[in-house]
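Worksheet: the structure to be examined is printed underneath.
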Amino acid sequence: MKQTLLLNLKNTETLSNVGKALSAPVRLEILEYLAKSPAIISEIAAAFKLPLSSTALHIRVLENAGLIFVRPIPGSKGSQKLCSIQIDKIQINMFQEEDAALPDYLYRESMPVGSYFDYSVMPSCGMASEQNNLGFEDNISVFVSPSRYRAQLIWLSCGFLEYRFSNTFFKGNSVNRVRFSFEICSEALGYNNDWPSDITISVNTHEIGILHCRGDFGGRKGVLNPDWWYATSSQYGELRTFEITDKACYIDGIQVSRENIYTLGVPYGDYIKFRLESKRDARYCGGFNLFGEKFGDYPQDIVMELYNDEKE
């Protein structure tokens with residue numbers, strides 16, 4: 001499951017936008033098309049034989065409803081807009097009746113590890129999909145290749161990956177905690193269970209705190225790793241959490257900053273910048289491996305969940 005949108009009748013603006021987005025058959029067809037693979041607007045227009053202007057309007061409606069995510073990417077003739085599915089499940093709890101089967105989060109978004117918006121890397125670096133290595137190892141050019149969207153494992157010895165998560169759900173909804181979770185470990189040559197690394201976590205360009213990784217874990221196969229993956233390489237990580245509340249920020253439940261969702265501007269703008277960085281001048285510059293849902297021990301990508309802990 002990539003993302004789940006939980007709604008009730010009090011989410012009037014969001015419900016209206018979702019209803020409008022789903023009311024046109026052509027927009028339903030566009031959603032089905034994007035479910036197979038992300039595409040730029042001109043490709044969508046060509047697939048449905050629509051004018052670019054009409055296609056852009058449909059895309060805007062779907063984006064406003066939070067059903068798709070649109071991000072600019074470099075193109076041969078300037079910036080282009082790549083569209084991808086934002087959610088794959090909508091759940092409407094009409095009258096807010098209690099249901100023990102419902103998750104306690106309000107909204108969940110899963111970001112594939114290859115869907116970073118910005119990056120800076122130094123060898124050793126590379127990435128792998130479920131089927132094979134993507135490009136040659138230590139070849140930085142793979143980080144701008146479209147094949148990166150298939151990545152299930154990314155590693156780098158120094159640098160950063162920055163992701164942009166939608167904050168559409170903040171509009172008209174009460175949220176007081178944002179939780180990120182991801183599987184990560186250090187990056188050594190091959191693997192080294194005792195290879196510490198300090199990873200700086202930043203939100204909206206604000207450096208929040210240091211996530212300390214104990215090592216680059218190997219010695220046994222990662223639970224989800226494909227058969228072809230090398231036994232002498234990184235195998236799995238640890239599932240780590242980073243939370244922003246209306247009072248402070250926490251890494252694995254330990255407060256690391258007094259910044260909060262408001263001082264960081266989380267509810268504002270069109271997205272939330274989330275960056276993981278291995279700095280050259282860190283106490284332990286040991287790089288990192290970032291695992292997708294089909295590598296390592298945990299079947300998930302980078303997950304953002306929104307909560308209201310004051311909700312009855």
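Can you find even one residue in the range 202-217 that is in contact with a Gly (Cβ under 6 Å, 6 or more places away or on another chain) and modelled with pLDDT of 95 or more? Yes - at least one qualifying residue is present in the range 202-217.
Quick check: is even one residue across the range 256-276 touching a Pro at 6+ places or on another chain (Cβ under 8 Å) and more than 25 Å from Arg164 (Cβ to Cβ)?
Of all residues in the range 256-276, those touching a Pro at 6+ places or on another chain (Cβ under 8 Å) come to 261.
When the remaining residues are screened for being more than 25 Å from Arg164 (Cβ to Cβ), the result is none.
Among the residues of the range 256-276, not one is touching a Pro at 6+ places or on another chain (Cβ under 8 Å) and more than 25 Å from Arg164 (Cβ to Cβ), which makes the answer no.
When Asp252 is tested against (1) among the acidic types (Asp, Glu); (2) within 23 Å of Phe160 (Cβ to Cβ); (3) crowded, with 16+ Cβ neighbours inside 10 Å, only condition (3) is not met.
Remark: pairs (first residue in the range 17-40, assigned by TED's automatic domain parsing to the domain that holds Leu52; second residue in a helix (DSSP H, G or I) and among the polar types (S, T, N, Q); Cβ separation under 7 Å; 6+ apart in sequence or on different chains) = Asn17/Asn64. Evaluate the range 161-172: report whether one residue or more is at pLDDT 90 or above and under 19 Å from Ala188 (Cβ atoms). The answer is yes, given that some residue of the range 161-172 is at pLDDT 90 or above and under 19 Å from Ala188 (Cβ atoms).
Among strands (runs of 3 or more DSSP E) entirely within the range 106-199, having at least 2 residues that are in contact with a Gly (Cβ under 8 Å, 6 or more places away or on another chain) and assigned by TED's automatic domain parsing to the domain that holds Ile210 singles out 118-128, 153-166, 177-185.
The values are calculated or read from the model by the stated rules, or taken from the named source; none is laboratory data. Just so it is clear, the model here is predicted, and its values are computed rather than measured. In this analysis, Cβ positions are derived from the backbone assuming ideal geometry, glycine residues included, and neighbour counts consider all displayed protein chains.
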